[in-house]
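The values are calculated or read from the model by the stated rules, or taken from the named source; none is laboratory data. Keep in mind that this is a model prediction, so the values were computed, not measured. Heads up, the Cβs are rebuilt from the backbone with ideal geometry, glycines too, and the neighbour counts pull from every protein chain shown.
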Amino acid sequence: MTENNVVAFKQEGAIDDPLTEILRSGAKRLIEQAVEAEFAAFLAQHADLKLPDGRQRVVRHGHDPVRAIQTGVGPVEVEKPKARDRGAGDDERIRYASSILPKWARRTKSLDVLLPALYLRGVSTGDFQDVLTALLGKSAPNLSPGVIARLKGDWDDDYSRWQKRDLSARHYVYIWADGVYLQARMEPQAECMLVIIGATPEGKKELLGLSAGMRESAQSWKELLVDLKARGLVIAPEIAVGDGALGFWKALDEAFPSTRHQRCWVHKTLNVLDKLPKALHSAAHKDLREIWLSESRAAAQTAMDVFAEKFAAKYPKAVDCLTKDRDALLTFFDFPAEHWTHLRTSNPIESAFATVRHRTVRTKGALSQDTARLMVFKLVIEASKSWRRLQGQKLLPKLISGVKFRDGIEIAPDQKSAA
């Protein structure tokens with residue numbers, strides 16, 4: 001009569017996953033082994049310490065209470081061994097502190113990164129418990145909206161420190177600038193995020209400046225550039241890449257008058273095509289590509305003249321849109337050819353903001369101005385980790401030292417004197 005015939009029914013919402021249970025038990029064993037190895041090393045480090053009667057001074061003294069650590073495979077119950085120092089007062093006591101299981105740890109560091117990342121990708125704080133139940137188990141602790149809100153609070157501290165960082169030792173050879181509008185609740189007036197990315201002499205791209213501005217006005221750009229100079233950015237970039245927003249170029253000429261202008265070909269192409277009928281877009285786009293893919297400035301100017309001759313009679317606005325910025329569109333020819341791919345467009349900014357736009361669309365614009373700014377900052381910082389370096393980094397020191405380039409090729413000293 002001792003046979004148990006009770007059948008346990010599966011509870012609603014419960015997930016029966018033997019593989020996860022195996023992974024969780026394996027994770028528990030690995031953590032125990034790692035902590036024991038760490039504790040053994042701690043005891044060996046103090047093995048020479050003896051009491052007057054010859055006994056070991058630092059010894060094992062049981063375990064701390066069992067606690068659940070939230071991991072990527074769900075909660076794992078662990079216990080940490082304790083050490084006892086039998087020969088010292090409280091002030092001189094040798095204590096064991098595990099680097100694997102810190103005293104107050106309740107989640108793995110990967111989860112601390114995961115939670116705000118999920119928020120940035122479009123999961124609202126109210127949905128976190130439901131979303132993570134399938135991953136971490138129904139009883140996953142420390143995942144309440146309040147916890148997420150506290151994690152978001154850390155972004156504010158990171159942003160404040162970043163905004164006050166010293167730039168006196170920094171030098172940016174190239175910069176890209178753009179104003180990006182988001183579908184966010186950035187009241188009381190229409191605002192955009194002003195973004196500047198810089199390239200260091202080592203060819204690495206970094207987020208240089210970020211602020212909220214009023215419709216890319218000259219005053220907003222000027223405030224951002226003045227702030228950068230006030231924090232030590234005194235060396236003017238060689239070239240700035242951006243679209244046709246007049247506010248940025250006016251502010252740039254006041255802050256760094258020696259910096260040359262390069263208009264973004266992606267923006268310019270869209271602006272020109274907007275003034276042509278759709279039936280001509282394919283042919284016109286091909287003609288415009290021939291300009292910025294030319295091997296020399298002379299060839300580009302010829303291709304631009306051909307475009308003007310082809311469309312000037314019927315579509316003068318399209319031709320005027322292109323030719324009015326002729327010089328600024330062809331500035332990249334005076335820089336190394338290896339850098340042309342980077343200098344012809346402000347796409348480094350556009351691509352970084354694809355994820356930001358996705359987040360604001362998912363939340364249907366339900367973001368305050370401060371939250372939007374913090375979200376943009378964190379996403380761009382994360383995106384910057386995968387930005388590709390400039391090709392031909394070895395040419396940047398030459399450019400900084402004053403070496404001139406013509407049609408992407410270095411000009412020899414005898415050529416410069418002849419010129």
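The table for this structure:
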{"quantity": "Any hit, the stretch 314-331, residues being over 30 Å from Asp166 (Cβ atoms), touching a strand residue (DSSP E or B) at 6+ places or on another chain (Cβ under 9 Å) and among the β-branched types (Val, Ile, Thr)", "calculated": "yes"}
{"quantity": "Odd one out for Gly209 among (1) in a strand (DSSP E or B); (2) touching a residue at least 40 places away in the same chain (Cβ under 8 Å); (3) buried (at least 16 other Cβ atoms within 10 Å of the Cβ)", "calculated": "(2)"}
{"quantity": "Filtered residue count, the stretch 312-322, keeping only those that are over 21 Å from Ala240 (Cβ atoms) and part of a helix (DSSP H, G or I)", "calculated": "5"}
{"quantity": "Residue in the stretch 291-305 that is assigned to a loop (DSSP other than H, G, I, E, B), assigned by TED's automatic domain parsing to the domain that holds Gly179, of a type outside the set (D, E, K, R) and within 26 Å of the chain's Cα centre (by Cα) present", "calculated": "no"}
{"quantity": "Pairs, first acidic (Asp, Glu) in the stretch 216-242, second surrounded by 15 or more Cβ atoms within 10 Å (Cβ to Cβ) and assigned to a loop (DSSP other than H, G, I, E, B), C-beta under 6 Å, six or more apart", "calculated": "Glu216/Ala245; Glu238/Val173"}
{"quantity": "Identity of the residue in the stretch 286-300, free of Cβ contacts under 8 Å to residues at least 40 places away in the same chain and surrounded by 15 or more Cβ atoms within 10 Å (Cβ to Cβ), that ends up farthest from Phe405 (Cα to Cα)", "calculated": "Asp287"}
